[in-house]
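A quick write-up on the structure given underneath.
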Amino acid sequence: MIRHSLLFALVLTASSPLCALAQASHSPVNSTASLHLEPLFWWAGMHNPKLQLMLHSNALPTDAAQLKVEITSKDVVFEGIEQTDNPHYLFINLDLRQAKPQTFDIRIVAGDKQLLQLPYTLAVRADGSRERQGFSNKDVIYLITPDRFANGNSSNDNQSDMLEHAAPDNSDGRHGGDIEGIRQHLNYLAKLGVTQLWINPLLENNQAQYSYHGYAITNLYRVDPRFGSNQDYQRLVTEAKQHGLGVIKDVVLNHIGSNHWWLEDLPSSDWLNVPQQPNATNAKTAPAASFTSSSSTNLSSTNPGFTSHRRTTVQDPYADTQDKSDFVDGWFVDSMPDLNQRNPKLATYLIQNSIWWVEYAGLSGIREDTYSYADKAFLAQWSKALMAEYPHFNIVGEEWTANPITVSYWQKGKINADGYTSDLPSLMDFPLYEKLVESLNAPEGWDTGFIKLYEMLANDLVYANPSQLVLFEGNHDTNRIYSLLKENLQLYQMALTYVLTAKRIPQLFYGTEVLMTSPTEGRHDGVVRSDFPGGFANNKVSGFSGKGLNTKQQQALAFVRTLLNYRKHSAALQTGDLLHFVPQNGIYVQFRCAAKQAAAGNACYQADADKVMVIYNKNDQAQTLDLSRFSKVLAGNTSANSVLSGDKLKLNQSLALPHAGVMLLELNHQ
């Protein structure tokens, strides 16, 4: 296992405000000692004035009674220290209510001997930081797996302190995509029409293999050097804003990577969940915590109880307590130790870490991975703390289930039978996504095809705020939509239109616009997350420039670009009401309508509302759509412009549908 014990100065250089301090550090710590102080720095004027610093040093005495902490600042209030059963850790509690931006020293004294003298900075907050606007229904999110999007700086592909090196020919290896690759293509993304970038985790994943995906984090305050630096990430967000793009950070609260530096010297014996499963023949009891490198290494190589993935146990009024624990406390795999968020110091650490990245990088949102796998009381505490710090922010949680009742449990405002309350604004809409794919592939019948999609949408009544859910056509864990729809361009266009016109926050997966493909059965993550064409050296095809794209890829790219850029200026598609009609004869009709002024009832029944009509048609043979069924909505509208073709259509007669596909009509007022 590689050592993660970094010099204090090296830890600080990960963030620019402390570079000079790091170079001028007057800490008397021996250069080979292990020392961490996190968060790396903080800000004056935060809504929550409390800050808990985690100090890790082998120089700390075993007897806490000997310790004394001195703060060389008159307006930073020292509120005491806390320790765990590991004497190498010290938690320092500060009140910053009256503190101004400054750098002060933290002195650790034992008796008459000064052990450590550490500089710490309270930085100036950016203007309007607290009032930042999170992603919303006005946005379209574009998901990027950074290792596979574009390699903008090949010199960082391999790093001497990183275990895994680039292996571009290995579908499960690192390919070299990085932050610079994203930055170089911000103009492409802006012209495509997306407005938010959700980037799979960029933090250090110093694992021996399969580290490209980013979900086995080994340092929560450091961008992986194969992607770039903390400053590169900050620069990306700044330049993205100049292109009208926000950035959403992928956060993992449930687990870390087995090579995280904590594993060499755990902060406490209950820092990780290592559940005992007496019925599992391969389960082992957690080793006694002796806080040595050797014992921690043993911990990372044990075979703990793995999660059952039975997510309904969290909500089930009849579930056995062990079944609940098997889900929440189990590990994903042995390389991803499960964190015990019931430990209050760990809970505070994770909350502060999320806030630190929002403030440091200037983020407009968080996507939280494996949401329900973490302790649910902590999840409520975490989301409440972030939303209190940034009232207009947004967070979307991943709850991967086809059951809308299970998803709805976690959304803010939902009244749950067990009394659980959440502050999580949004969740990924897996139920509607899965029904979308199923309904498009199924033949039309009384209880198959579009009717399944129609009925799933009717389940919105179980959500506190269904319009705040994020609906997607695919992500890094799902097979590619074009492949799932049997490479049928008409079905593909229907799927994307549904996502981008639904009363939801829409999300696209990188490469969908150029028809990237995958297998259709089982998990093939490395193939699903293939390289974006044009993002890597010697690519003969480029989605960025259009070079080498075949006819269907060109059509798909033009279709997506047209629809996205139309959506940017359509109040109906962004925030309008939804009205849909029971599918008949393989045709499903929806309307999105934005009222000119507030009024009771659905805006689609208001004659002067801005209206968009969406017609999904599965029939291969020509059809005629009788518009009399929609007369209450069409009243006052005699013509429409086709968003996709540019044609002008009359609405005082039946519409001709020459073939399968989708029509998107902007209705004109009389």
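Worth pointing out:
- Residue match in region 551-562 (condition: of a type in the set (Phe, Trp, Tyr) and open to solvent by 10 Å² or more (accessible area, probe 1.4 Å)): yes
- In region 449-462 there is at least one residue matching the filter, namely being open to solvent by 30 Å² or more (accessible area, probe 1.4 Å) and either aromatic (Phe, Trp, Tyr) or within 21 Å of Trp198 (Cα to Cα) (or both).
- The number of residues in region 571-592 that are buried (at least 19 other Cβ atoms within 10 Å of the Cβ) and hydroxyl-bearing (Ser, Thr, Tyr) comes to 1.
- Residue within region 593-609 that is buried (at least 22 other Cβ atoms within 10 Å of the Cβ) and assigned to a strand (DSSP E or B) present: yes
- Residues in region 154-186 that are more than 24 Å from the chain's Cα centre (by Cα), under 14 Å from Val223 (Cα atoms) and of a type outside the set (D, E, K, R): Asn156, Gln159, Met162.
- Looking across region 216-273 at every residue that is among the aromatic types (Phe, Trp, Tyr) and touching a Leu at 6+ places or on another chain (Cβ under 8 Å), the one that is surrounded by the most Cβ atoms within 10 Å (Cβ to Cβ) is identified as Phe227.
Quick grid of which residues meet (1) among the aliphatic types (A, V, I, L, M); (2) farther than 22 Å from Gln574 by Cα; (3) out of contact with any Gly (no Cβ under 8 Å at 6 or more places or on another chain):
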residue: Asp447; (1), (2), (3): no, yes, yes
residue: Leu453; (1), (2), (3): yes, no, yes
residue: Asn459; (1), (2), (3): no, no, yes
residue: Pro466; (1), (2), (3): no, no, yes
residue: Leu469; (1), (2), (3): yes, no, yes
residue: Glu473; (1), (2), (3): no, no, yes
residue: His476; (1), (2), (3): no, yes, yes
residue: Gln493; (1), (2), (3): no, no, no
residue: Gly511; (1), (2), (3): no, yes, no
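- Among the residues of region 127-139, those identified as surrounded by 15 or more Cβ atoms within 10 Å (Cβ to Cβ) and either more than 30 Å from Ala572 (Cβ to Cβ) or in contact with a Leu (Cβ under 6 Å, 6 or more places away or on another chain) (or both) are Ser129, Arg130.
Listed here are the residues, each with its yes/no results for (1) farther than 20 Å from Gly586 by Cα; (2) modelled with pLDDT under 95.
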site: Ala603; (1), (2): yes, no
site: Lys611; (1), (2): yes, no
site: Phe630; (1), (2): no, no
site: Gly636; (1), (2): yes, yes
site: Ala640; (1), (2): yes, no
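- Applying a threshold of 9 Å to beta carbon distances and a minimum spacing of six or more residues, or different chains, the list of pairs starting in region 434-450 at a residue that is β-branched (Val, Ile, Thr) and modelled with pLDDT of 95 or more and ending at one that is open to solvent by less than 50 Å² (accessible area, probe 1.4 Å) and in a helix (DSSP H, G or I) reads Val437/Ile481; Val437/Leu484; Val437/Ala495; Thr448/Ser439.
- Within the span defined as region 465-473, every residue fails to be open to solvent by 30 Å² or more (accessible area, probe 1.4 Å) and of a type in the set (Asp, Glu).
- Scope region 451-481; condition assigned to a helix (DSSP H, G or I), in contact (Cβ under 8 Å) with a residue 60 or more places away in the chain and out of contact with any strand residue (DSSP E or B) (no Cβ under 6 Å at 6 or more places or on another chain); matching residues: Ile451, Leu453, Tyr454, Leu457, Ser467
- Looking across region 55-81, the residues that are within 18 Å of Leu118 (Cα to Cα) and of a type in the set (Asp, Glu) come down to Glu70, Asp75, Glu79.
- Residues being open to solvent by 30 Å² or more (accessible area, probe 1.4 Å), of a type outside the set (D, E, K, R) and free of Cβ contacts under 8 Å to residues at least 60 places away in the same chain - total across region 94-114: 4
- Sole residue being of a type in the set (A, V, I, L, M, F, W, C), without any contact (Cβ under 8 Å) to a residue 60 or more places away in the chain and within 17 Å of Val662 (Cβ to Cβ), chosen from Leu634, Leu649, Leu644: Leu649
- Within region 519-549, the set of residues being over 22 Å from the mean Cα position of the chain (by Cα) and open to solvent by less than 20 Å² (accessible area, probe 1.4 Å) comprises Gly535, Ser542, Gly543, Leu549.
- For region 392-438, the candidate set comprises residues that are acidic (Asp, Glu) and open to solvent by less than 20 Å² (accessible area, probe 1.4 Å); within that set, the residue that is farthest from Glu368 (Cα to Cα) is Asp429.
- The listed residues are Leu122, Leu90, Leu60, Leu143, and the only one of them that is at pLDDT below 95 and open to solvent by less than 20 Å² (accessible area, probe 1.4 Å) turns out to be Leu60.
- Any hit, region 324-336, residues being within 26 Å of Gly134 (Cβ to Cβ) and open to solvent by 10 Å² or more (accessible area, probe 1.4 Å): no
- Residue in region 157-173 that is surrounded by 18 or more Cβ atoms within 10 Å (Cβ to Cβ), within 19 Å of Ser542 (Cβ to Cβ) and of a type outside the set (Ser, Thr, Tyr) present: no
The values are calculated or read from the model by the stated rules, or taken from the named source; none is laboratory data. Please read all numbers here as calculations on a predicted model, not as lab measurements. Cβ atoms come from the backbone with ideal geometry, glycine included; neighbour counts cover every protein chain shown. Each accessible area value is taken on the protein alone, full model and side chains, heavy atoms only, with ligands, DNA and RNA left out. Shrake-Rupley method; radii C 1.70, N 1.55, O 1.52, S 1.80 Å.
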